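> Below is the structure I would like to discuss, written out as structure tokens.
The values are calculated or read from the model by the stated rules, or taken from the named source; none is laboratory data. Owing to the predicted nature of the structure, the values given are computational and were not obtained by experimental measurement. Glycine gets a Cβ as well: all are built from the backbone with ideal geometry, and neighbour counts include every protein chain shown. Remember, those area values only see protein heavy atoms, side chains included, never the ligands or the DNA or RNA. Shrake-Rupley method; radii C 1.70, N 1.55, O 1.52, S 1.80 Å.
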Amino acid sequence: MNAIIRDANNDDYEAVYNLNLTGLGYDFPIEETKKRLAQVLEKPNVKLLVAEIDGSVAGYIHAVDYDCLYHNSLKNILALVVDGRFRGKGVGRQLLSAVEDWAKYDGACGVRLVSGMDRTGAHSFYKSCGYSLRKDQRNFIKVFV
């Protein structure tokens with residue numbers, strides 16, 4: 001299945017909200033999603049793309065710069081999700097490929113991502129796309145209330 005890959009825009013907030021909820025399990029309020037999307041789209045060196053099929057958003061990918069002092073510059077995928085109806089049809093590969101093209105164009109040496117331990121289907125998908133498992137790690141967060 002060939003999707004149209006395009007830059008996300010502010011009107012995509014409902015689709016992003018639904019994909020986050022149904023595809024990733026993140027129940028972030030729709031109005032907050034709308035605000036965050038607008039803020040993210042204003043940031044430099046962010047790539048937020050959607051895959052569109054028959055006029056509807058079927059998936060999205062969100063990537064940013066990953067510059068650290070122990071590795072050459074990379075791009076970091078923060079989210080990749082495809083609507084369940086379109087999984088296994090090449091949409092995720094198209095989104096990954098588009099971010100990889102951006103990374104090459106922007107001079108990055110590669111692309112990295114972190115995937116939850118329980119997302120074994122995603123792990124198989126990434127391996128089939130040429131990604132290799134580098135290390136296991138724990139994810140810590142401190143939220144300021």
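> Any idea how many residues of segment 42-64 are acidic (Asp, Glu) and either assigned to a loop (DSSP other than H, G, I, E, B) or touching a residue at least 24 places away in the same chain (Cβ under 8 Å) (or both)?
Residues that pass the stated criteria total 2.
> ARG134 versus (1) exposed (fewer than 11 other Cβ atoms within 10 Å of the Cβ); (2) closer than 23 Å to ASP12 by Cβ; (3) among the charged types (D, E, K, R): which is the lone unmet condition?
The one condition ARG134 does not meet is (2).
> Return the only residue of GLY23, GLY88 being open to solvent by less than 80 Å² (accessible area, probe 1.4 Å) and either under 25 Å from HIS123 (Cβ atoms) or not in a strand (DSSP E or B) (or both).
Of GLY23, GLY88, the one residue that is open to solvent by less than 80 Å² (accessible area, probe 1.4 Å) and either under 25 Å from HIS123 (Cβ atoms) or not in a strand (DSSP E or B) (or both) is GLY23.
> Is it fair to say ASN76 is on the phi < 0 side of the Ramachandran plot, among the polar types (S, T, N, Q) and open to solvent by less than 40 Å² (accessible area, probe 1.4 Å)?
Here the answer is yes, as ASN76 does meet what is asked.
> Here's a follow-up. Is segment 122-131 home to any residue that is closer than 28 Å to ASN10 by Cβ and touching a strand residue (DSSP E or B) at 6+ places or on another chain (Cβ under 9 Å)?
Checked segment 122-131: at least one residue is closer than 28 Å to ASN10 by Cβ and touching a strand residue (DSSP E or B) at 6+ places or on another chain (Cβ under 9 Å).
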